[in-house]
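Heads up, the thing below is written out as structure tokens.
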Amino acid sequence: MATQPQNGKQRIDPLTRARQQMVERLRSKGINDARTLEAMMAIPRHLFVEEALQTRAYDDHPLPIGFGQTISQPFMVAWMTQLLGVEQHHRVLEIGAGSGYQTAILAYLAKAVYAIERIPELARKAQQRMEQLGFDHVLIKVADGTLGWAEYAPYDGILVAAGSPEIPNPLLDQLVIGGRLVIPVGDDKQQELLRVTKRETENLIEDAGPCVFVKLIGEHGWRE
Ligand code: SAH
């Protein structure tokens, strides 16, 4: 009969340990949705940044991903995900896929994810990462996300990962009744993170607090 080694603890690789610590930090900062925390533990954020930045991937900071863009801070990703309230049967639209990290978190939680990114090279890399993770229920396209993606509408939730001067109307049009849009709205320095719940009559707008995002550039966002 084979015997198990009794000495020593199981070794956990440093990036997994760093990810566990990141999740603990998120919990202590107020992220309490169990599925969001599970997704943050499941998706290896270090695969979404350049190799030279991998050891910093689990710090609570945005990091550069090229083209003047950033991968959002883990807390912001978790917070937006929690606000969106993604359920297993949901079909979700994401605007500003960037590295694809938030896309992967949503893909872990939802039935289907449609993501739009305006910079072709970022979209291509994000798509590669989806394949690497085995997510075949994610579609990414290169386009102006402020117009939404009418072909697959309506969506149960829409998450915008870039700051806009206003709430783009096409996005509200592409939500189901009861669906939620999470979007940073403000000037180019600071925004308020809004959660808009679509209703038959007047939409419900909740302000989740201040945030800082790169610009949403497009027809219903900032002009370049
Ligand atoms: N969730 C991403 C955030 C990337 S930063 C991540 O964590 O990696 C925001 C992204 O929005 C950038 O990649 C930028 O190119 C993209 N973006 C800005 N305006 C856009 C638009 N109108 N349509 C689609 N993507 C847009």
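Tell me yes or no: at least one residue of segment 42-58 is closer than 24 Å to Leu171 by Cα, open to solvent by 20 Å² or more (accessible area, probe 1.4 Å) and touching a strand residue (DSSP E or B) at 6+ places or on another chain (Cβ under 8 Å).
Step one: filter segment 42-58 for residues closer than 24 Å to Leu171 by Cα, giving none.
Taking every residue of segment 42-58 in turn, none turns out to be closer than 24 Å to Leu171 by Cα, open to solvent by 20 Å² or more (accessible area, probe 1.4 Å) and touching a strand residue (DSSP E or B) at 6+ places or on another chain (Cβ under 8 Å).
Which ones in segment 47-69 are of a type outside the set (Gly, Ala, Ser) and part of a loop (DSSP other than H, G, I, E, B)? Even if it seems obvious, please write down each step before you answer.
Initial filter on segment 47-69 (of a type outside the set (Gly, Ala, Ser)): 47-51, 53-56, 58-65, 67, 69.
Answer for segment 47-69, where residues must be of a type outside the set (Gly, Ala, Ser) and part of a loop (DSSP other than H, G, I, E, B): Val49, Glu50, Tyr58, Asp59, Asp60, His61, Pro62, Phe67.
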Study note, to complete from the structure: Of the residues in segment 197-222, those that are over 17 Å from the mean Cα position of the chain (by Cα) and of a type in the set (A, V, I, L, M, F, W, C) come to Leu204, Ile205, Ile217, Trp222
Check your understanding: Quick one: how many residues across segment 66-81 are out of contact with any Gly (no Cβ under 9 Å at 6 or more places or on another chain) and either without any contact (Cβ under 8 Å) to a residue 24 or more places away in the chain or among the polar types (S, T, N, Q) (or both)?
Key -> 2
Practice item. Filter segment 35-78 down to the residues that are polar (S, T, N, Q) and either closer than 26 Å to Leu216 by Cβ or out of contact with any His (no Cβ under 7 Å at 6 or more places or on another chain) (or both), then identify the one that is farthest from the ligand (Cβ to nearest atom). Key: Thr55
Practice item. Search segment 28-41 for residues being loosely packed, with under 15 Cβ neighbours inside 10 Å and of a type outside the set (A, V, I, L, M, F, W, C), and hand back the single one that is nearest to Leu133 (Cα to Cα). Key: Glu38
Check your understanding: Restricted to segment 209-220, and to residues that are within 16 Å of the ligand (Cβ to nearest atom) and in a strand (DSSP E or B), which residue is most open to solvent (accessible area, probe 1.4 Å)?
Key -> Lys215
Check your understanding: Which ones in segment 118-157 are within 12 Å of the ligand (Cβ to nearest atom), aliphatic (A, V, I, L, M) and open to solvent by less than 50 Å² (accessible area, probe 1.4 Å)?
Key -> Ile119, Leu122, Ala123, Ala126, Ile140, Ala143
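Val86 - would you say it is more than 10 Å from the ligand (Cβ to nearest atom), in contact with a helix residue (DSSP H, G or I) (Cβ under 7 Å, 6 or more places away or on another chain) and part of a loop (DSSP other than H, G, I, E, B)?
It is true that Val86 is more than 10 Å from the ligand (Cβ to nearest atom), in contact with a helix residue (DSSP H, G or I) (Cβ under 7 Å, 6 or more places away or on another chain) and part of a loop (DSSP other than H, G, I, E, B).
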**Study point:** Search result, residues across segment 185-208 that are farther than 16 Å from Asp156 by Cβ, open to solvent by less than 50 Å² (accessible area, probe 1.4 Å) and in contact with a helix residue (DSSP H, G or I) (Cβ under 9 Å, 6 or more places away or on another chain)
**Key:** Leu193, Ala208
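Which fully enclosed strands (runs of 3 or more DSSP E) of segment 96-192 have 2 or more residues being under 20 Å from Val77 (Cα atoms) and either among the aromatic types (Phe, Trp, Tyr) or over 16 Å from the mean Cα position of the chain (by Cα) (or both)?
Values: elements: 112-117, 138-142, 155-160, 175-186.
Once the strands (runs of 3 or more DSSP E) in segment 96-192 are filtered for at least 2 residues that are under 20 Å from Val77 (Cα atoms) and either among the aromatic types (Phe, Trp, Tyr) or over 16 Å from the mean Cα position of the chain (by Cα) (or both), what remains is 175-186.
Of all residues in segment 94-113, count the ones that are open to solvent by less than 20 Å² (accessible area, probe 1.4 Å) and within 11 Å of the ligand (Cβ to nearest atom). Working first, answer last.
Our first condition is that a residue be open to solvent by less than 20 Å² (accessible area, probe 1.4 Å); within segment 94-113, this holds for 94-95, 97-107, 109-110, 112-113.
Going one step further and asking which of them are within 11 Å of the ligand (Cβ to nearest atom), we end up with 94-95, 97-106.
Result for segment 94-113: 12.
The values are calculated or read from the model by the stated rules, or taken from the named source; none is laboratory data. From a predicted model like this one, the values you see are computed outputs, not experimental measurements. Every residue, glycine among them, receives a Cβ derived from its backbone with ideal geometry; neighbour counts consider all protein chains shown. The accessibility values were calculated without ligands, DNA or RNA, using every heavy atom of the protein model including side chains. Shrake-Rupley method; radii C 1.70, N 1.55, O 1.52, S 1.80 Å.
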